[in-house]
Amino acid sequence: MTRPLNVGVAGLGTVGAGVLTLLRQNADLIAARAGRPIAVTAVAARDRKRDRGISLDGLRWYDDAAALASDSGVDVVVELIGGSDGPAKALVEAALAAGKPVVTANKALLALHGAALAEQAEANNASLAFEAAVAGGIPAIKGLREGLAANRIARVTGILNGTCNYILTCMRDQGREFADVLAEAQKLGYAEADPSFDIDGVDAAHKLAILAALAFGRPVEFDAVHVEGIRHISALDIKLAEELGYRIKLLGIAAQVDGGISTRVHPCMVPVSHPIAVVDGVYNAVVAEGDFVGRVVLEGRGAGAGPTASAVVADLIDVARGRSTPVWGAGSAALAKTPSVPMAQNRGAYYLRLMVVDRPGVVAEITGVLRDHSISLESMIQRGRAPGEAVPIVLTTHDCQEASMRAALERIAALDSVLETPALIRIETL
Ligand SMILES: NC(=O)c1ccc[n+]([C@@H]2O[C@H](COP(=O)([O-])OP(=O)(O)OC[C@H]3O[C@@H](n4cnc5c(N)ncnc54)[C@H](OP(=O)(O)O)[C@@H]3O)[C@@H](O)[C@H]2O)c1
């Protein structure tokens, strides 16, 4: 029989245990597709005694994950520890230095150190695969990098964080506030005890930085991504969005614009008719627009043991077959130096909700500020009548520049008649 591909797995948490289970459960099918069996021979984690619900009998155990790189019985290293630095980075660097292929699910590592790691992989003629790092079980990396390789990509848009999408979906369906839904999501295990990476948009930004590098063939640039999360989204804004024909989604958007590439993660209002508007709950979606292919929509589960293991094992099958592609689609020397365009230069339409005192002249004051900054209105809704009390005013604008909107908003927020911090949400017609 053909020699098996011997795998060392570092990290035996949700994803690591899922990978071992999948490799065992679908061993025959995987061997047929890989052209040879794929066998885990060694593992590393912190706590040897922990019950992981899987048998580790017959596998070599390492407390020091980096030791997998020098184990002669390991052909390929799978890094499932997580974190942009520390043991995950040390292991990946050690494996590549030893000329061993690496498979990882680690978006933080790729987003922050992907350029240097790609160079190291090339120098050592070792592959570095990371299908599981973006949108879990959705083959987004392969789809974009290989499937759409012939296209100039104009834009990639994604729902890239299942926790945020789940929270926003519950808020809409049940009319509940953010903090309430977050607390429940934590109880159900859909949100981490420290949820900030997810709800503040950082996790989605890691993934968007990776997608942008692939889509536009340039070095990964996490620091250029504008990042906002969903903490400030209220049930009222979700309801008003529906009335205007929009859904609120946390989107990552990477686009070719005048002057370069813009990359941003923030809540958006998207038309209910767009395919991304109906991607609900823990589901993720990636939408790519290519010059020859047009719009391509991929949807599926973005996290969890099964979907993530599915992507990791697909990468292992590529390694077993000897299939490899440069990390960022083209070799490091061939990547473009396209600049990043700052958020202040972004152009788009806005939804603005103000809680104002119900008295004559207030609307004129607000529209006067917008006029001063050359911002024109698309629509205005004023709800309820409660003389002397707070009432919502909802404004939507035509396309204008982010810098102008920010400057106008600062002045509007300072008006005596405006009683709460204004809610600003960008409208994306996509
Ligand atoms: N969970 C998902 O749905 C998902 C989806 C896509 C991508 N990912 C990515 O996949 C990776 C793993 O995520 P996960 O959810 O499986 O994490 P997890 O459940 O927290 O598991 C992490 C594993 O790493 C081990 N570990 C921690 N420090 C270590 C060290 N110094 N040396 C050796 N092992 C160490 C832990 O060992 P002990 O068990 O002994 O503590 C644990 O087994 C992350 O990069 C994550 O971003 C996860």
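The values are calculated or read from the model by the stated rules, or taken from the named source; none is laboratory data. Computed from a predicted structure; not experimentally measured. Backbone-built Cβ (ideal geometry, glycine too); neighbour counts: all protein chains shown.
Counting only residues that are within 13 Å of residue 156 (Cβ to Cβ) and either in contact (Cβ under 8 Å) with a residue 60 or more places away in the chain or of a type in the set (Lys, Arg) (or both), give me the helices (runs of 4 or more DSSP H) lying completely in region 183-296 with at least 2 of them. Working first, answer last.
Details: elements: 196-199, 202-216, 235-243.
In region 183-296, the matching helices (runs of 4 or more DSSP H) lie at 202-216.
Close Cβ contacts (under 8 Å, 6 or more residues apart or on different chains) running from residues in region 63-74 that are without any contact (Cβ under 8 Å) to a residue 40 or more places away in the chain to residues that are within 14 Å of the ligand (Cβ to nearest atom) and in a loop (DSSP other than H, G, I, E, B) comprise 63/46; 63/48.
Taking every residue in region 128-147 that is under 15 Å from residue 323 (Cβ atoms) and pairing it with any residue that is within 10 Å of the ligand (Cβ to nearest atom) and basic (Lys, Arg), at least 6 positions away or on another chain, the pairs with Cβ-Cβ distances below 9 Å are 130/107. Picking from residues in region 24-49 that are within 16 Å of the ligand (Cβ to nearest atom) and touching a residue at least 12 places away in the same chain (Cβ under 8 Å), the one that is surrounded by the most Cβ atoms within 10 Å (Cβ to Cβ) is 44. Taking region 202-255 as the range and being touching an Asp or Glu at 6+ places or on another chain (Cβ under 8 Å) and farther than 27 Å from residue 396 by Cα as the test, the residues that pass are 209, 212, 213.
Within region 92-119, the set of residues being more than 16 Å from the ligand (Cβ to nearest atom), crowded, with 20+ Cβ neighbours inside 10 Å, over 21 Å from the mean Cα position of the chain (by Cα) and not in a loop (DSSP other than H, G, I, E, B) comprises just one member, 96. Residue 16 meets all of the listed conditions (1) without any contact (Cβ under 8 Å) to a residue 60 or more places away in the chain; (2) within 15 Å of the ligand (Cβ to nearest atom) but one, namely (1).
When 281, 300, 229, 252 are checked against the criterion of being under 24 Å from residue 183 (Cβ atoms), surrounded by 15 or more Cβ atoms within 10 Å (Cβ to Cβ) and under 19 Å from the mean Cα position of the chain (by Cα), 229 stands alone in meeting it. Note on region 1-13: among residues that are in a loop (DSSP other than H, G, I, E, B) and more than 13 Å from the ligand (Cβ to nearest atom), the one that is modelled with the highest pLDDT is 4.
Figure legend. Inter-residue proximity from region 337-362: first residues outside any strand (DSSP E or B), second residues surrounded by fewer than 17 Cβ atoms within 10 Å (Cβ to Cβ) and of a type in the set (D, E, K, R), beta-carbon distance below 9 Å, spacing 6+ or different chains. Indicated pairs: 341/258; 344/406; 345/258; 358/385; 358/389.
Go through region 50-83 and give me each residue that's within 9 Å of the ligand (Cβ to nearest atom) and not in a helix (DSSP H, G or I).
50, 52, 62, 63, 64, 79, 80, 81, 82, 83
Could you list all residues from region 365-401 that are within 22 Å of residue 240 (Cα to Cα) and in a helix (DSSP H, G or I)? Listed by number, the residues that qualify are 366, 367, 370.
Can you tell me which residue in region 120-134 is nearest to the ligand (Cβ to nearest atom), limited to those that are in a helix (DSSP H, G or I) and over 18 Å from residue 225 (Cβ atoms)? The residue in question is 132. Check region 141-159 and report whether any residue there is under 22 Å from residue 80 (Cβ atoms) and part of a loop (DSSP other than H, G, I, E, B). The answer is no; no qualifying residue exists.
Answer yes or no as to whether residue 137 is more than 16 Å from residue 11 (Cβ to Cβ) and outside any helix (DSSP H, G or I). Don't jump to the end; show me each part of the working.
Working: more than 16 Å from residue 11 (Cβ to Cβ): yes; outside any helix (DSSP H, G or I): yes.
It is true that residue 137 is more than 16 Å from residue 11 (Cβ to Cβ) and outside any helix (DSSP H, G or I).
Of the residues making up region 381-403, those that are surrounded by fewer than 18 Cβ atoms within 10 Å (Cβ to Cβ) and at pLDDT 95 or above are 398, 399, 401, 403.
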